[in-house]
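Shown next, in structure tokens, is the structure this report addresses.
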Amino acid sequence: MSAAPNPVVHATRARVAASLVRRHRNEQIFHGLGLGAIVLSLLALASLITDVVGKGYSAFTQTHIALIVTLDPAVIDPDGTRDPAALLRADFQTPVRDALRARFPDVTSNAERRQLYALISPSAPYILAAQVADDPSLLGRTLELDLLAGDEVDTLVKGSISRDVPEDQRRITDRQIGWVDALTAAGEVSTPFNWAFFTGGDSRDPESAGILGAAVGSALTLAVALVLSFPLAVAAAVYLEEFAPDNRWTYVIEVNINNLAAVPSIIFGLLGLAVFLNFFGLPRSAPLVGGLVLALMTLPVIIIAARGAIAAVPPSIREAAMGIGSSPVQVVFHHVVPLALPGILTGTIIGMARALGETAPLLMIGMVAFIVDVPHSVTDAATVLPVQIFLWADSSERAFVERTAAATLVLLAFLLIMNATAVYLRRRFEVRY
Amino acid sequence: MRNMTVIDRSRSGQTADVPGGSEPSVAPAASSKEHKFQARKVAVYYGTKRALNHIDLDIGKGEVTALIGPSGCGKSTFIRCLNRMNDPIANCRVEGQILLDGMDVNAREVDPVELRARVGMVFQKPNPFPKSIWENVAYGPRIHGLSSTKVELDEIVTLSLQRAALWDEVKDRLQESGTSLSGGQQQRLCIARALAVDPEVILMDEPCSALDPIATAKIEELIDELSGNYTIVIVTHSMQQAARVSDMTAFFHLGDLVETGPTDNIFTTPRDERTEGYITGRFG
Ligand SMILES: Nc1ncnc2c1ncn2[C@@H]1O[C@H](COP(=O)(O)OP(=O)(O)OP(=O)(O)O)[C@@H](O)[C@H]1O
Ligand SMILES: [Mg+2]
């Protein structure tokens, strides 16, 4: 009250003022650093995305060349069976080549012919075969068809090949460029949206290579990994947090789980190779095995996140539940786990996102193979998105560059969908307490 | 009493063998010598540190017993022994005997889950579940199988909320979260939650420490109403509250039970000078 000011801190106000200056300065520095970090990471993200989009967007259209094709039954279906299975294997190359020669009748030499044929993708006859097998009434008719162009033509039309480069340094000849220009001038070149990219599997020909096989492979692999790792990890985390006795064994297990989370992923691939393939004899390249390996890899990540989330549930909730006679299992499953669920889901999504981007362990179990068919079950041979990106990035054809970028975009879209799901689920299960 | 009948009917179907179950015929027993709890030589250790020394305390059936004493003297520790809430604390060890209607609560064959259904607890800090008000109250009866239909459950919820003097304030918002209530309302919700499983004993650890005088008065009124039908043990730091609501008072000090007796005696003629010092406010 009216006591004399404390002699030790008589300059209280001045000292507080002095310390405030320092504290405010620190605060400003911290603000600046934080803002800088965010701007930097946003810039990195933006440049990554612009780069990938810039390289990849052209893969979403595909060059087609309109030709008048005569589907002569005498060539295609000499036996006249009209059997779709036989039609799929029939000779559609001849009508396509005939159509090309008819379009450019002045081409005579063999070498020139070969160049001419390369305008159209080697896959085009197969696509045509599938069309005709679907609708055999097309046989015998003469149609104007948009045929898939070869990859070099596609690249040229999209402007990715410079005409200034000397002829011997590019894969497309001056003669071919002349034909393409003639076709373009005649309005016979079109670049429609590339649906085939989203509906087809891999191919040796970049122009007909699609992402669906890898996307389905990724989805199947992740589904297996999620179904295996989520319940196991939650059970392990619940046991360790809520039931395990506090002894040396528990401690050893905890330390090892933390260590497992840091084990390089390729080691898990080796384990999968040794155990699942060589010992249990599971099929190679299968999403089942990929999922098993990724589940092992993801387990410790989810366990650690789930334990954190469970430990963060306030003890008062446990006491409340126990106090009215919940059994320990009821305490955990009626109260603790529901409250921890948002955190557990976040951990799961982080683990799954990491698994989605994983390549190395899958190489070990053969998921790096060239697989054309879209997998239908977890035991079909398959590849996954990052491996597909790796394979395409490794290919020499110029046209694979845009597909690599486009596949990266698909992978990013996958990630976005997963994160959006996580955010939605978090919102759904979040409770205030 | 109509309230009791409904809950009791469902209960007797469940645990007919509970000794001394809460038959509605049991008369208010304020002066009865019957003991609900008998603590004998109870000692509690946290690790090597002893928190309670050889406590001998009888708690009368249908009575309100107040536990008072300075902070850290072991009141909470003792009250938590009565329904074995100390069990989950890793380094906590309880010695001695605690009899509930003559049955040792720490005996091997006693299921703590059943014990806690008979001995309910209200905590110092209101801790409603982050669920709806209805769900908060209905949860206990449901896990104990006290009602077979939603209608019955609704009835239990309504009655429990009415008895906890909360019904009028929440009857239009039963689906709102229990955590959206005010502190005092939350505490009454916790009391309703404890009442809903129709326990024989209600332990209250400083139930009014977070409440304003009006909410406190409501809870004291409630304790008054419940006494007789229920055995109540309440920890409190308020001498006035102990004097107002309790029949018996036990004074703890540094882990010892210093003095126990009828509340009037303790407050008018304490035998021990530590008791006198505490209730007159000279220390603690
Ligand atoms: N979980 C625990 N671990 C270790 N020591 C504890 C634990 N809980 C309580 N104690 C100790 O036991 C003693 C008694 O604590 P208790 O909580 O029973 O006191 P109290 O009488 O309820 O005090 P208050 O009136 O402040 O609530 C204290 O010394 C306290 O430090
Ligand atoms: Mg206490």
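The values are calculated or read from the model by the stated rules, or taken from the named source; none is laboratory data. Predicted model, so just to flag it, every value in this text is computed and none were measured. Glycine gets a Cβ as well: all are built from the backbone with ideal geometry, and neighbour counts include every protein chain shown. Side chains included, ligands, DNA and RNA excluded: accessible areas come from the protein's heavy atoms. Shrake-Rupley method; radii C 1.70, N 1.55, O 1.52, S 1.80 Å.
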*Step through the residues of region A:378-392 one at a time and calculate ³J(HN,Hα) from phi using the Karplus curve (6.51 cos²θ - 1.76 cosθ + 1.60, θ = phi - 60°), rounding each to whole Hz and writing x for Gly and Pro.*
6, 9, 6, 5, 8, 10, 10, 3, x, 5, 4, 4, 4, 5, 5
*Sum of side-chain charges, B:Y139 neighbourhood, beta-carbon under 13 Å (Lys, Arg +1; Asp, Glu -1)*: +2
*Calculate how steeply helix A:93-103 sits against the longest principal axis of the alpha-carbon atoms of chain A, using the helix alpha-carbon long axis, and give the answer as 0 to 90 degrees to the nearest 10.*
70
*asked:* With a 10 Å cut-off between alpha carbons and a GNM built on chain A, which of A:P245, A:P125, A:P283 moves the most?
replied: A:P245
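Inside 10 Å of the C-beta atoms of B:119-130, what's the mean count of C-beta atoms belonging to other chains?
5
What total accessible surface area, summed over both chains, is buried at the interface between chains A and B, computed with a 1.4 Å probe and given in Å² to the nearest 100?
On the way: alone 23360 and 12710 Å², together 34340 Å².
Interface between A and B: roughly 1700 Å².
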_Rounded Å value of the spacing that divides the Cα centres of region B:93-132 and region A:18-97_ = 63
*Of all the C-alpha pairs in region B:35-279, what % are more than 25 Å from each other?*
42
*Quick one: angle between helix A:12-56 and the longest Cα principal axis of chain A, in degrees between 0 and 90, rounded to 10, please.*
20
*Classify region A:138-182: rounded, prolate or oblate, from the alpha-carbon gyration tensor (a ≥ b ≥ c, eigenvalue square roots; a/c under 1.5 rounded; otherwise prolate if a/b is larger than b/c)?*
prolate
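Can you send over the carbon and sulfur percentage of the accessible area for the protein assembly as shown, probe radius 1.4 Å, protein chains only? Present the calculation step by step, with values, prior to reporting the outcome.
Numbers: 20110 of 34340 Å².
In the protein assembly as shown, the share of accessible area belonging to carbon and sulfur is 59 percent.
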*What percentages, rounded to whole numbers, describe P(r) for region A:7-58 computed over all alpha carbon pairs with 5 Å bin width beginning at zero?*
5, 17, 11, 12, 9, 9, 8, 7, 6, 5, 4, 4, 2, 2, 1, 0
*For region A:338-427, accessible area per residue (1.4 Å probe, heavy atoms of protein chains only), Å²*: 41
_Long-range amide H partners of B:S132 with built H, under 5 Å_ = B:G178
*Mean shadow area of region A:318-433, taken as a quarter of the surface of its Cα convex hull (nm²)*: 10.3
*In degrees, nearest ten, helix B:213-226 long axis to first principal axis of chain B (Cα)*: 80
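Taking every residue in B:190-199, how many Cβ atoms of other protein chains lie within 10 Å of its Cβ, on average? It would help to have the intermediate numbers written out before the result.
Values: counts 3, 0, 0, 3, 3, 0, 1, 3, 0, 3.
Rounded to a whole number, the mean comes out at 2.
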_Order by protection proxy (mean Cβ within 10 Å, highest first), peptides A:95-102, B:121-128_ = B:121-128, A:95-102
*With every protein chain left in place, what is the accessible area of A:M322 in Å² (1.4 Å probe, nearest 10)?*
30
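Just counting partner chain Cβ atoms within 10 Å, what average do the residues of peptide A:329-338 show around their Cβ? Before the final figure, lay out each step's value.
Numbers: counts 0, 3, 2, 0, 0, 5, 4, 0, 0, 3.
So the per-residue partner count for this stretch is 2.
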*Heads up, I need the accessible area for B:Y45: 1.4 angstrom probe, whole protein in place, Å², nearest 10.*
40
*Could you give me the ³J(HN,Hα) list for region A:288-301, computed from phi with Karplus coefficients 6.51, -1.76, 1.60 and θ = phi - 60°, whole Hz, x at Gly and Pro?*
4, 6, x, x, 4, 5, 5, 4, 4, 5, 7, 3, x, 4
*May I ask you to list the lysines whose Cα is less than 29 Å away from that of A:K158, ignoring any residue fewer than eight positions away on the same chain?*
A:K55
*Averaged per residue, what accessible area in Å² does region B:49-181 show with a 1.4 Å probe, protein chains only?*
38
*What ranking, highest mean first, results for peptides A:82-91, B:94-103, B:179-188 when packing means the other Cβ atoms within 10 Å averaged over each residue?*
B:179-188, B:94-103, A:82-91
*So what are the radius of gyration and Dmax for the Cα set of region B:136-281, in Å?*
17.5, 56
*Karplus 3J(HN,Hα) series, Hz, for region B:111-119 with 6.51 cos²θ - 1.76 cosθ + 1.60 (x for Gly, Pro)*: 8, x, 5, 5, 4, 6, 6, 8, 10
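Rounded to two decimals, what is the ratio between the C-alpha radius of gyration of region A:68-151 and 2.2 N^0.38 Å?
Numbers: Rg = 12.8 Å, N = 84, 2.2 N^0.38 = 11.8 Å.
With N residues counted in region A:68-151, Rg over 2.2 N^0.38 Å equals 1.08.
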*Could you tell me which of rounded, prolate or oblate describes the protein assembly as shown, using a ≥ b ≥ c as the square roots of the eigenvalues of the alpha-carbon gyration tensor, with rounded for a/c under 1.5 and, failing that, prolate when a/b is larger than b/c and oblate otherwise?*
prolate
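On a 1.4 Å probe surface of the protein chains, which of B:F78, B:F267 comes out largest in accessible area, and what is the full order? Walk me through the numbers on the way to the answer.
Values: B:F78 0, B:F267 55 Å².
Output order, biggest surface exposure first: B:F267, B:F78.
I need the Kirkwood Rh of region A:212-429: take the reciprocal of the average 1/r across all distinct C-alpha pairs and report it in angstrom.
Working: mean 1/r = 0.0537 Å⁻¹.
It works out to 18.6 Å.
Report the net charge of residues surrounding B:A196, where surrounding means a beta-carbon distance below 10 angstrom and charges are Lys +1, Arg +1, Asp -1, Glu -1. Intermediate results must be reported in sequence, preceding the final value.
Details: positive: B:R142, B:R163, B:R193; negative: B:D198.
My count for the surroundings of B:A196 gives +2.
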*asked:* Which one, A:A37, A:A353, A:A111, has the greatest fluctuation when you compute a Gaussian network model over chain A with C-alpha springs under 10 angstrom?
replied: A:A37
